[in-house]
1. Restricting to segment 24-58, count the residues that are more than 15 Å from the ligand (Cβ to nearest atom), touching a residue at least 40 places away in the same chain (Cβ under 8 Å) and either exposed (fewer than 15 other Cβ atoms within 10 Å of the Cβ) or over 20 Å from the mean Cα position of the chain (by Cα) (or both).
2. Considering every residue within segment 116-125, establish whether at least one is within 14 Å of the ligand (Cβ to nearest atom), part of a helix (DSSP H, G or I) and buried (at least 21 other Cβ atoms within 10 Å of the Cβ).
3. Report, by residue number, each residue of segment 187-197 that is more than 10 Å from the ligand (Cβ to nearest atom) and crowded, with 19+ Cβ neighbours inside 10 Å.
4. Got a sec? Which of 200, 184, 174 is modelled with pLDDT of 90 or more, surrounded by fewer than 19 Cβ atoms within 10 Å (Cβ to Cβ) and part of a helix (DSSP H, G or I)?
5. Could you please let me know if residue 80 is modelled with pLDDT under 95, within 16 Å of the ligand (Cβ to nearest atom) and either surrounded by 14 or more Cβ atoms within 10 Å (Cβ to Cβ) or farther than 23 Å from residue 171 by Cβ (or both)?
6. Using the structure shown, decide if residue 166 is modelled with pLDDT under 95, more than 30 Å from residue 60 (Cβ to Cβ) and either more than 16 Å from the ligand (Cβ to nearest atom) or under 18 Å from the mean Cα position of the chain (by Cα) (or both).
7. Has segment 154-169 got any residue that is in contact with a helix residue (DSSP H, G or I) (Cβ under 8 Å, 6 or more places away or on another chain) and exposed (fewer than 15 other Cβ atoms within 10 Å of the Cβ)?
Ligand code: C5P
C-alpha cells in the first residue's frame with residue numbers, strides 16, 4: 001500500500017468538541033498514525049512569537065512557517081510531546097495565548113498553503129486519523145471516512161475549564177465561553193478553509209456524551225474501512 005492509497009479518517013470540529021482526545025484514542029484503537037493539525041498552527045504561532053514577528057507581516061510569517069520544524073514524540077499512554085525547532089514546547093502550545101495566535105495566523109491563506117504538503121505527508125500505511133478544522137474539506141477531500149464533532153459552546157467551555165483547573169490554571173467559565181465563541185466565529189467566518197463540515201461528513205454531537213461513547217460511535221460508523 002502506498003501513502004496515497006492509505007485510508008484516512010478525518011475528524012474536524014470546533015475547539016473543545018473533543019476532537020483531540022477522540023482522534024488520539026481512535027488512532028490508537030485502529031493502530032493508525034495521528035495528525036494533530038492544530039499543533040502545527042500553534043507551533044508556527046509560538047515560533048513567530050519567539051522570533052518576535054509582527055503577525056501582520058505575512059511574508060515573514062510564511063518564511064517562519066516554512067522554517068519551523070515540528071516533531072511529535074509519543075509518550076506511553078499520554079499526549080505526545082511536541083518539539084518546535086528541537087525545543088519541547090508542549091505546555092506553551094496548549095495555552096489560550098498560543099491558541100488565539102494560532103487562530104489569527106490560520107486565517108492567512110499563504111500560511112495555510114505553506115502547511116498543506118506537510119499535513120498530507122502524514123498519510124501513510126496502515127492509515128491516518130487527521131484532526132483539525134479542514135481535514136475533510138481541504139487537506140484530505142478524498143478521505144475514506146469523515147466525521148464532524150460538535151458540542152454546545154457551554155459544554156466546551158466547561159470541559160476546557162475542568163482541564164485548566166486540573167492543571168492549576170485559574171480562569172473563569174465566562175471568560176472561556178467568550179474566547180470559544182470568538183474563536184468559533186473567527187474560524188467559521190474566515191475566507192480561506194472556514195470551519196464547516198464536509199458535505200459527506202457524519203455529524204456527531206458530543207454534548208453529554210462520555211469520551212468512550214464517542215470513540216465507540218466513530219468506530220462503529222466506519223466498519224467498512226476498518227483494517
Ligand atoms: O485544534 P487547535 O485548537 O489546536 O487549533 C488551534 C487553531 O488553529 C484553531 O483555532 C484554528 O484557527 C487553527 N486550525 C486551523 N486548521 C486546522 C487546525 C487548526 O485553522 N486544520
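The values are calculated or read from the model by the stated rules, or taken from the named source; none is laboratory data. Only a predicted model underlies this, so the values are computations on that prediction, with no experimental measurement involved. Glycine gets a Cβ as well: all are built from the backbone with ideal geometry, and neighbour counts include every protein chain shown.
1. 3
2. no
3. The answer is none; no residue qualifies.
4. None of the other options fit; the residue is 174.
5. yes
6. It is true that residue 166 is modelled with pLDDT under 95, more than 30 Å from residue 60 (Cβ to Cβ) and either more than 16 Å from the ligand (Cβ to nearest atom) or under 18 Å from the mean Cα position of the chain (by Cα) (or both).
7. Checked against the condition, which is being in contact with a helix residue (DSSP H, G or I) (Cβ under 8 Å, 6 or more places away or on another chain) and exposed (fewer than 15 other Cβ atoms within 10 Å of the Cβ), segment 154-169 yields at least one hit.
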